[in-house]
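Comments concern the structure below.
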Amino acid sequence: MTALTAPLAAIGRPVLSALAAIGRVALFALQVVSHLFRPPFYPREFLHALMQIGWFSLPVVGLTAVFTGGALALQIYSGGARFNAESVVPSIVAIGMVRELGPVLGGLMVAARVASSIAAEIGTMKVTEQIDALVTLSTNPVKYLAVPRVLAATLAVPMLVGVGDAIGIAGGWLVGVNRLGFNSATYLQNTVDFLESWDVVSGLWKGAAFGFIVALMGCYHGMNSGRGAQGVGAATKSAVVGASVLILATNYILTELFFSA
Amino acid sequence: MITLTGVTKTFGKNRVLRGVDLTIPSGQSMVIIGGSGTGKSVLLKCILGLVRHDAGTITLDGQDVTTADRDAFLARFGMLFQGGALFDSLRVWENVAFRLMRGPTKRPKAEARQIAIEKLRRVGLKPETADLFPAELSGGMQKRVGLARAIAAEPEIIFFDEPTTGLDPIMAGVINDLIREIVTEMGATAMTITHDMSSVRAIADRVAMLHDGVIQWTGPVADMDATPDPYVQQFIHGRAEGPIAAVR
């Protein structure tokens, strides 16, 4: 009997463990959301997080966007040449950037930069008993540490995505005009003509969802960090991996919701 | 008065607390001694609710700590953590005034800063220290800031977790004297966890020895040296031979 059930048990254990982890993250998310609307509020911590997550992520998101926009223009031009459709470069670059690449690559870059930093910071606070100290000082650690970061990331990442979209399109335009021989005015006119407002807005909604995920995973793994440097390292890794996978999965779900006919 | 009755706590297969019975009278300074890994810090965290005990009861002035209003309960406590546990991102004075700038007893910023500077002076630190960050302080200074934070809101009960760990003997003596003075001056109930015998003699009114998850002996500090209890005798004299296994 044991020999028969052993393979099932071997499958069941990780499945149950994964489900339990999903449940814990979901409960943590509910806890964070429930604290968003209840005082006390910590505006100073929120503004600090907004600067750290939004302003200081701008260079990495901008660089990612400009190179992606440029590469996209080259790819579409060379692929489009097979169908004599080189002229679609401006519109496809614009749609590709604002609908998919802007939010997804922006989200992934923020996940690498911000989820790791949040998890390491909060994880270190946990192992040095700073989180226990917060509790003894009558301060809820979720409210003080997680809520300002999650709120800041949810608001900052759409802004980063918006800026990234513009920079990405500019990257495509630079390559299109200087490398592929497009007329500058025509390129810009095609971009504007083919782009619809929902293309942009849907990308910004995705950005908000990705921002929420990034900060949530950083805070969750930081607060559940194991002991010592190894524990903090593992928490940081789990935060980045978890945030990246969730961003890609959420992106698919949102794309289905927004664009399936 | 803090009363613990039959408190147990298990982590996995490790039964850390196996039925702790202890009373800490109001206004007294109780020091818990015991070897490393015997559950002293766990006991302290159970009282504060940072770790939930499995069984038994913990009461503060007759009220069960698990059912008490959490904010009101914690407002009565101050705590000095082993490593200081100062918030890296805040300046020294903001650490000390943390409780004063939040919650129902919130004070204006200038007043909170003034109180913080006064508390820093009380623990022997100059006002110039107030605007530094914790990373700019030595270990001894960090302990003093932690002590200033613990007493900033003038709590009724103060917990000290290994207050002299990592300090040189002179700085340890300074911290011990400060704790004794402050506890006497404030009339606070104190509970200290340590395995430093000089701290025990400087701080304690009463001593309790925790070993094997239970209180092996408790009594006034004056009786400690004379007790025939073999656990206490081995511990206070630091002998390798005795009922406490050297390798645990």
### Message
Please go through (1) within 14 Å of another protein chain (Cβ to nearest Cβ); (2) of a type outside the set (A, V, I, L, M, F, W, C); (3) buried (at least 17 other Cβ atoms within 10 Å of the Cβ); (4) within 22 Å of the chain's Cα centre (by Cα) for residue A:48 and return the number of the only condition it doesn't satisfy.
### Response
(3)
### Query
Inside the range B:123-159, can you point out the residues that are touching a helix residue (DSSP H, G or I) at 6+ places or on another chain (Cβ under 6 Å), buried (at least 19 other Cβ atoms within 10 Å of the Cβ) and not in a helix (DSSP H, G or I)?
B:123, B:125, B:152, B:153, B:158, B:159
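Kindly state which helices (runs of 4 or more DSSP H) lie completely within the range B:176-248 and contain at least 2 residues that are in contact with a helix residue (DSSP H, G or I) (Cβ under 6 Å, 6 or more places away or on another chain) and either crowded, with 17+ Cβ neighbours inside 10 Å or charged (D, E, K, R) (or both).
Working: elements: B:197-203, B:221-224, B:230-237.
The qualifying helices (runs of 4 or more DSSP H) are B:197-203.
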### Task
Check whether at least one residue in the range B:29-46 is within 14 Å of another protein chain (Cβ to nearest Cβ) and either more than 21 Å from residue B:203 (Cα to Cα) or part of a strand (DSSP E or B) (or both), and report yes or no.
yes
### Task
Could you check how many residues of the range B:89-118 are within 14 Å of chain A (Cβ to nearest Cβ), within 21 Å of the chain's Cα centre (by Cα) and either among the acidic types (Asp, Glu) or not in a loop (DSSP other than H, G, I, E, B) (or both)?
5
### Task
Report, by residue number, each residue of the range A:105-129 that is within 11 Å of chain B (Cβ to nearest Cβ) and either touching a residue at least 40 places away in the same chain (Cβ under 8 Å) or within 30 Å of residue A:247 (Cα to Cα) (or both).
A:121, A:124, A:125, A:126, A:127
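Being within 14 Å of chain B (Cβ to nearest Cβ) and touching a helix residue (DSSP H, G or I) at 6+ places or on another chain (Cβ under 9 Å): is that true of residue A:163 here? Don't jump to the end; show me each part of the working.
Values: within 14 Å of chain B (Cβ to nearest Cβ): no; touching a helix residue (DSSP H, G or I) at 6+ places or on another chain (Cβ under 9 Å): yes.
No; evaluated as a whole, the condition is false for this residue.
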### Query
Mind checking which pairs have a first residue in the range B:203-214 that is within 25 Å of residue B:173 (Cβ to Cβ) and touching a residue at least 40 places away in the same chain (Cβ under 8 Å) and a second that is buried (at least 19 other Cβ atoms within 10 Å of the Cβ) and aromatic (Phe, Trp, Tyr), Cβ under 7 Å, 6 or more apart or different chains?
B:209/B:217; B:209/B:231; B:209/B:235
### Task
Would you mention how many residues in the range B:13-25 are surrounded by fewer than 20 Cβ atoms within 10 Å (Cβ to Cβ), touching a residue at least 12 places away in the same chain (Cβ under 8 Å) and more than 23 Å from residue B:186 (Cβ to Cβ)?
4
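Let's see how each residue does on (1) without any contact (Cβ under 8 Å) to a residue 40 or more places away in the chain; (2) at positive phi; (3) within 20 Å of the chain's Cα centre (by Cα); (4) assigned to a helix (DSSP H, G or I):
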{"position": "A:209", "(1), (2), (3), (4)": "no, no, yes, yes"}
{"position": "A:222", "(1), (2), (3), (4)": "no, no, yes, yes"}
{"position": "A:225", "(1), (2), (3), (4)": "no, no, no, no"}
{"position": "A:243", "(1), (2), (3), (4)": "no, no, yes, yes"}
{"position": "A:249", "(1), (2), (3), (4)": "yes, no, yes, yes"}
{"position": "A:253", "(1), (2), (3), (4)": "yes, no, yes, yes"}
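Considering each residue of the range A:110-143, count those that are among the hydroxyl-bearing types (Ser, Thr, Tyr) and at pLDDT 95 or above, and give that number. Please lay out each step first, then the result.
Step one: of the range A:110-143, the residues among the hydroxyl-bearing types (Ser, Thr, Tyr) are A:116-117, A:124, A:128, A:136, A:138-139.
Those still in the list that are at pLDDT 95 or above too: A:116-117, A:124.
Qualifying residue count, the range A:110-143: 3.
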#### Entry: Hits in the range A:45-70 - residues which are within 27 Å of residue A:180 (Cβ to Cβ) and either touching a Phe, Trp or Tyr at 6+ places or on another chain (Cβ under 9 Å) or touching a residue at least 24 places away in the same chain (Cβ under 8 Å) (or both)
A:60, A:61, A:62, A:64, A:65, A:66, A:67, A:68, A:69, A:70
### Query
Mind checking whether some residue in the range A:173-183 is free of Cβ contacts under 8 Å to residues at least 40 places away in the same chain and assigned to a helix (DSSP H, G or I)?
yes
### Task
Could you list all residues from the range B:26-64 that are surrounded by fewer than 13 Cβ atoms within 10 Å (Cβ to Cβ) and under 16 Å from residue B:193 (Cα atoms)?
B:36, B:37
### Query
From the set of residues in the range B:47-75 that are of a type outside the set (D, E, K, R), under 19 Å from the mean Cα position of the chain (by Cα) and not in a helix (DSSP H, G or I), which is nearest to the other protein chains (Cβ to nearest Cβ)?
B:50
### Pairs with Cβ under 7 Å, 6+ apart, first in the range A:2-29 and closer than 24 Å to residue A:151 by Cβ, second at pLDDT 95 or above and surrounded by 10 or more Cβ atoms within 10 Å (Cβ to Cβ)
A:25/A:220; A:28/A:220; A:29/A:216
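The values are calculated or read from the model by the stated rules, or taken from the named source; none is laboratory data. If you're wondering where the values come from, they're calculated on a predicted model, not measured in any experiment. As a convention, Cβ positions derive from the backbone with ideal geometry for all residues, glycine included, and neighbour counts pool all protein chains shown.
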